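J.: Below are the structure tokens for one structure; questions will follow.
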């Protein structure tokens, strides 16, 4: 295998530790991850994505971020050059509730959370300053549009609204 082919190879593990309804398939997840990686320049790597319930999300969020509540997505980056290595943890109940509140399909919201998380693994940040947040949000919009999804920062009625991380 050539060095270029090796650098684009994606080893993706998907773990379903939640029995929530509406979780995406491995094939959907792979396409979303690949789109996010390719939008940053063709990259490969090793990523694990774990769908969890609120208790596990809360424990991880408390331990690693000091916030005692479940959250929609947590990103754990181990390396991002030359290959990405990291984990994403998605809280299925929080994601499902947010999708309903925002008038979005669970599929569209999961795609957004995964793209958002992969961008974090690539080193993008939205908490440092407003300009960085705008750049990250624009990248998310671009990637999700390429996948056939609407603007993740518009609510289901086109009014703009919740969904900011």
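J.: Which percent of the Cα-Cα distances in the range 1-60 go past 15 Å?
T.: Considering the range 1-60, 57 percent of its Cα-Cα pairs are separated by more than 15 Å.
J.: How big is the shadow of the Cα convex hull of the chain, averaged over all directions, in nm²?
T.: 9.5 nm²
J.: Please order 7, 75 by the number of other Cβ within 10 Å, starting at the fewest.
T.: Final ranking by Cβ density, sparse to dense: 7, 75.
J.: When the helix-only estimate is applied to the chain (DSSP H runs of n ≥ 4, each -39,500 (n - 2.57), divided by the residue count), what is the mean residue ellipticity at 222 nm, nearest 500 deg cm²/dmol?
T.: -14500 deg cm²/dmol
J.: Counting other C-beta atoms within 10 Å, which of 151, 21, 125 has the fewest, and how do the rest follow?
T.: Lowest to highest Cβ neighbour count: 21, 125, 151.
J.: To the nearest Å, what is the center-to-center distance of the range 71-113 and the range 127-156, using C-alpha atoms only?
T.: When both Cα centres are located, 13 Å separates them.
J.: Among 139, 104, 8, which comes first, second and so on when ranked by fewest other beta-carbon atoms within 10 Å?
T.: Taking fewest neighbouring Cβ atoms as first place, the list is 8, 139, 104.
No value in this document is a laboratory result; all are computed from the given coordinates. This structure is a prediction, so every number in the text was calculated from the model and none was measured. Backbone-built Cβ (ideal geometry, glycine too); neighbour counts: all protein chains shown.
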